[in-house]
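What follows is a short report on a single structure.
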Amino acid sequence: MDRENKKRKEIENVLVVVEDLVRRQRQQSFLLLSLAEYFTRRRSSDDEDDTTMVTDLLWKIPEQIRRMDRLIRLTDTDCVNNLWMDRNCFGRLCLLLRERMGLKDRKFVSVEEQVSMLLSILAHHKKNRIIGFEYLRSGQTISRYIHEVLRGVIGLHEVFMAKPTPVDDDCDDPRWKWFKGCLGALDGTYIDVRVNVGDAPRYRTRKGHIATNTLAVCDRFMRFVYVLTGWEGSAGDSRVLRDAVTREVDKLRVPKGCYYLCDNGYANSEGFLTPFKGVRYHLKEWGPSAHKSQNPTEMFNMRHTMARNIIERAFAVLKMRWGILRSASFYPITIQTRLIMACFILHNFIRSQMQVDPVELELSDANVNLEDLEDINGDISAGAEGDAVEYVDAVESTPSWNQTRTEIAEFMWNNA
């Protein structure tokens, strides 16, 4: 009995040391491996049942620590390939979630491991059971921490969402200098989702896909300003925009005198500038063998689509980065909506923190200068506007706004 009590006390002391190492995030995998080998050598045939659980635990913890070391502490290449963030960007995200949203290191799961679980699911669209196998965790543990981190990321939407600045007279960008007062561009995109059989008709798009119609607004630097998720795929773009402008909570605020560029799926109304209908509009219509603009309306449409193409490029980078947006997931529709929102938020954070966006480099037309992006702290202070600012509160086509569009087209033609 004395020998058994002594051995159990020795095992308890070792476990205390292991827990302390994990809690403090020390990179001492070699020490834990040595402890595991030590107990394995001391295990005899008569006390095998007593030490099996301890040795299994001592082998499992080093594997978890070693995996996190390889993922976020050795090279930026491995971190980017798995999480689409470099080590510096990932560390800042974990720090923000700790300080602002109250995420804490648990007994055996650190904040870094919790965040990496969610990022792995978003980046590569892996199921919980696959993540549990890779991280050597149970399905319950994976589900718990994914929801905690997801709540934390969405809680930071006011910090990560960009605050746009209108185009001024000093702008020399050939795509935007013609649109004084423009804040960016907006459009809707379909994202495939999985819903109950009874809800499928409402989410069916005109092409037969089961998807949600997501309205997104971005600035000139491919950072998203506003996102409205959850609308059924059968809903029209104009209906979704009207809801975004008139809703009581989380509404789209467009200061009067400013506007966004959008396509002909929307009405040409105050705050939203559309191209002329019945006139060449798509960029492919002005190919190398095609004629140049013949009148002010054609020139307006050509320059309009060149500038508005920023939202299409933002969607391309977003869906290339997050694999969960390219196919329907098996989560409930409410969770799928939150995951979509988290993808937009993290997209902004990555573009604000990484000097080189690895996803954008894969696009052939990647020519956005990331050095022009403002710092996140500057965006936060810029969002504190006075109550005296008037915002657009309706989406209705008016003769005065149509005249404004005509004047912009004539200005382009006269100054070409």
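A few points about this structure:
- Positions within segment 189-237 being buried (at least 17 other Cβ atoms within 10 Å of the Cβ) and of a type in the set (Ser, Thr, Tyr), in sequence order: Thr189, Tyr203, Thr212, Thr214, Tyr226, Thr229
- Tabulated pairs, segment 193-220, first closer than 20 Å to Ile345 by Cβ, second part of a strand (DSSP E or B) and of a type in the set (D, E, K, R), C-beta under 9 angstrom, 6+ apart or interchain: Thr212/Asp192; Thr212/Glu232; Asn213/Glu232; Leu215/Asp187; Ala216/Asp187; Val217/Asp187; Cys218/Asp187
- Segment 221-244, residues that are in contact (Cβ under 8 Å) with a residue 12 or more places away in the chain, among the basic types (Lys, Arg) and touching a strand residue (DSSP E or B) at 6+ places or on another chain (Cβ under 9 Å): Arg223
- Residue in segment 107-125 that is over 30 Å from Cys258 (Cα atoms) and loosely packed, with under 15 Cβ neighbours inside 10 Å present: yes
- Test: residue in segment 276-295 that is outside any loop (DSSP other than H, G, I, E, B) and at pLDDT 90 or above: no
- Residue within segment 92-109 that is modelled with pLDDT of 90 or more and under 14 Å from the mean Cα position of the chain (by Cα) present: yes
- Single condition Cys171 does not satisfy, out of (1) more than 20 Å from the chain's Cα centre (by Cα); (2) not assigned by TED's automatic domain parsing to the domain that holds Leu339: (2)
- Residues being charged (D, E, K, R) and under 16 Å from the mean Cα position of the chain (by Cα) - total across segment 140-155: 1
- Unmet requirement for Val249, which otherwise passes all of (1) part of a loop (DSSP other than H, G, I, E, B); (2) among the hydrophobic types (A, V, I, L, M, F, W, C); (3) touching a strand residue (DSSP E or B) at 6+ places or on another chain (Cβ under 6 Å): (3)
- Taken over segment 99-114, residues that are free of Cβ contacts under 8 Å to residues at least 60 places away in the same chain and assigned to a helix (DSSP H, G or I) amount to 6.
- Between Phe349, Phe300, Phe330, the distinction of being modelled with pLDDT of 80 or more, outside the structural domain of His124 (by TED's automatic domain parsing), part of a loop (DSSP other than H, G, I, E, B) and not small (Gly, Ala, Ser) belongs to Phe330 only.
- Residues that are of a type outside the set (A, V, I, L, M, F, W, C), modelled with pLDDT under 80 and outside any helix (DSSP H, G or I) within segment 375-410 comprise Asp375, Gly383, Glu385, Gly386, Asp387, listed in sequence order.
- All positions within segment 252-271 that are within 10 Å of Asp393 (Cα to Cα) and modelled with pLDDT under 90: Lys256
The values are calculated or read from the model by the stated rules, or taken from the named source; none is laboratory data. Computed from a prediction, not measured in an experiment: that's the story for all the values here. Virtual Cβ from ideal backbone geometry, glycine too; neighbours counted across all protein chains shown.
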